[in-house]
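Read the structure below first, then the notes.
The values are calculated or read from the model by the stated rules, or taken from the named source; none is laboratory data. These numbers were taken from a predicted model, which means no experiment stands behind them. Backbone-built Cβ (ideal geometry, glycine too); neighbour counts: all protein chains shown. Heavy atoms of the whole protein, side chains included, go into the accessibility calculation; ligands, DNA and RNA do not. Shrake-Rupley method; radii C 1.70, N 1.55, O 1.52, S 1.80 Å.
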Amino acid sequence: MSETIFDKIIRREIPADIVYEDADIVAFRDIAAQAPTHVLFIPRAPIATLNDLGDDDALLVGKLVLAATRYAKARGFAEDGYRLVVNCNRHGGQSVYHLHLHLLAGRQMTWPPG
Ligand code: AMP
């Protein structure tokens, strides 16, 4: 996988508003927030897209989801609700090819998405 801007955020080479990190995951505020809370949860491992996940990544995917849901509960918006989104490739609207989970909260979401 070629290097992305998220690798630079992980290595602290460019600034980001990091709100959570552990051995496997880094989470930081999206620079172009689409909701009052918009945080990206990314694996430290350089996985480009959902299509690049294998059986060995099942635990990592679970950790990503749990990190996001724990964050939602800790910040007090779990009850009102939120949205988790993963965009994959061109039709999915992916623009950064380092796997990331969008956590969007703080406003009413609409469905279907555009
Ligand atoms: P996606 O379109 O699903 O690939 O999402 C990529 C997200 O990364 C977009 O919502 C961007 O606003 C966000 N983004 C790009 N560069 C940065 C950055 N330097 N810091 C924080 N978020 C970023």
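Assorted remarks:
- Among (1) assigned to a loop (DSSP other than H, G, I, E, B); (2) under 12 Å from the mean Cα position of the chain (by Cα), the one test that residue 20 misses: (1)
- Residue count for the range 20-40 under the criterion of being over 16 Å from residue 65 (Cβ atoms), touching a residue at least 12 places away in the same chain (Cβ under 8 Å) and either open to solvent by less than 60 Å² (accessible area, probe 1.4 Å) or away from the ligand (no atom under 11 Å from the Cβ) (or both): the result is 7.
- Residues being more than 10 Å from the ligand (Cβ to nearest atom) and either open to solvent by less than 50 Å² (accessible area, probe 1.4 Å) or of a type in the set (A, V, I, L, M, F, W, C) (or both) - total across the range 83-103: 2
- Counting the residues of the range 41-56 that are assigned to a loop (DSSP other than H, G, I, E, B) and either open to solvent by less than 40 Å² (accessible area, probe 1.4 Å) or more than 15 Å from the ligand (Cβ to nearest atom) (or both) gives 7.
- Residues that are under 15 Å from residue 102 (Cβ atoms) and in contact with a helix residue (DSSP H, G or I) (Cβ under 6 Å, 6 or more places away or on another chain), drawn from the range 50-83: 82
- Test: residue 16 is within 14 Å of the ligand (Cβ to nearest atom), surrounded by 11 or more Cβ atoms within 10 Å (Cβ to Cβ) and touching a residue at least 24 places away in the same chain (Cβ under 8 Å): no
- Residue-level check: of (1) open to solvent by 80 Å² or more (accessible area, probe 1.4 Å); (2) within 11 Å of the ligand (Cβ to nearest atom), residue 11 misses just (2).
- Residues that are in contact with a helix residue (DSSP H, G or I) (Cβ under 7 Å, 6 or more places away or on another chain) and either within 18 Å of residue 94 (Cα to Cα) or at pLDDT below 95 (or both), drawn from the range 1-43: 27, 28, 39, 41, 42, 43
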